[in-house]
Amino acid sequence: MRLLARRGLTGLVAGLLVATGTAQLAGAHETSRLDQLRIATAPYFDLDQAVEDGYGELQDADGIACIASDDPAAGAMGIHYVNSMFVGDSRIHLLKPEALIYEPQADGDMELIAVEYVVFRSAWRAEHPTGRPKRLGQTFELVKAGNRYGLPPFYELHVWAWRHNPNGLFADYNPDVSCEFAPAT
């Protein structure tokens with residue numbers, strides 16, 4: 001049974017206003033935006049809903065879906081579900097992240113733990129000749145060509161909206177996330 005079904009959307013939304021991690025943001029405005037992001041993505045605790053809304057599993061160039069760091073102490077990202085309708089443009093909508101990130105659970109379920117914003121550098125540069133995208137007071141990181149996904153250069157920003165990350169709300173990897181129960185691909 002999915003986490004959303006066990007807790008109920010009402011309890012989940014009420015609880016997210018006091019969720020851990022909001023104190024990592026600089027001000028009340030950013031905290032409010034993070035709460036809005038959590039409310040917008042709460043339905044995706046149900047992976048079937050995410051798939052119905054156009055999110056699909058992303059695998060890297062080697063067919064690996066659950067992304068873990070080469071350094072075991074750094075942890076993992078998890079399994080990315082990407083909505084291709086959002087990735088190809090130069091817009092970054094706070095409440096419609098390009099990727100939802102799940103951690104596989106021992107019982108076979110997938111737990112929503114984070115989101116990721118992604119924009120291809122070429123699309124961004126076509127409308128913004130200088131600078132990098134920013135959201136929630138953070139500048140996106142550039143992932144260069146030759147990356148593990150086989151994608152052209154892109155900008156990305158992780159937001160650990162649903163799982164505390166001791167490395168920070170916007171860090172790429174989370175030491176509290178594991179790919180141990182990832183299904184074989």
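The values are calculated or read from the model by the stated rules, or taken from the named source; none is laboratory data. All of these numbers come straight from a predicted model, not from anything done at the bench. Heads up, the Cβs are rebuilt from the backbone with ideal geometry, glycines too, and the neighbour counts pull from every protein chain shown. Note: accessible area is taken over every heavy atom of the protein model, side chains too, but ligands, DNA and RNA are not part of it. Shrake-Rupley method; radii C 1.70, N 1.55, O 1.52, S 1.80 Å.
Local charge for Arg163 was computed over the other residues whose Cβ lies under 9 Å away, with Lys and Arg +1 and Asp and Glu -1, and equals -3.
Lys/Arg Cβ at +1, Asp/Glu Cβ at -1, dipole of region 23-165 taken about the Cα centre: which of Gly54, Thr139, His164 is farthest positive-ward? Projecting each Cα onto the dipole axis, the largest value belongs to Thr139. Figure note: Tyr44, Tyr102, Tyr173 ranked by solvent-accessible area, largest first, 1.4 Å probe, ligands and nucleic acids not counted: Tyr173, Tyr44, Tyr102. Peptides 108-114, 90-96 ranked from most to least packed, by the mean per-residue count of other Cβ atoms within 10 Å: 108-114, 90-96. Report, as a whole number in µm² per second, the diffusion coefficient that Stokes-Einstein gives for region 59-139 at 25 °C and 0.890 mPa s using the Kirkwood radius over alpha carbon pairs. D, rounded to a whole number, is 171 µm²/s.
For the pair Asp71 and Phe181, a Förster radius of 30 Å applied to the C-beta separation gives a FRET efficiency near 0.90, rounded to the nearest 0.05. If you plug the beta carbon distance of Ala61 and Ser32 into 1/(1 + (r/R0)^6) with R0 = 30 Å, you get a FRET efficiency near 0.20.
Normalised per residue, the accessible area of region 65-185 is 46 Å², obtained with a 1.4 Å probe and no contribution from ligands, DNA or RNA. Projected over all directions and averaged, the alpha-carbon convex hull of region 23-112 occupies 7.8 nm². For region 127-174, trypsin sites (Lys or Arg not before Pro) are listed when DSSP marks them as loop and at most 12 other Cβ atoms sit within 10 Å of their Cβ; the list is Lys144, Arg148. If the Kirkwood radius is taken over C-alpha pairs of region 83-185, then at 25 °C and 0.890 mPa s the Stokes-Einstein diffusion coefficient equals 166 µm²/s.
Annotation: amide H-H contacts under 5 Å for Arg132 (H modelled 1.01 Å from N, sequence separation of 5 or more, or interchain): none. Peptides 122-133, 77-88, ordered by how many other C-beta atoms sit within 10 Å of their residues on average, highest first, read 77-88, 122-133. Label zone (Ala145, point 7 Å along Cα-to-C-beta; backbone nitrogen cut-off 12 Å) within region 114-132: 122. Here the simple spin-label model places points 7 Å from the Cα toward Cβ, and for Ser122 and Leu94 these points are separated by 3.1 nm.
Among residues other than Asn83 with Cβ under 13 Å from its Cβ, the summed charge is -4 (Lys and Arg +1, Asp and Glu -1).
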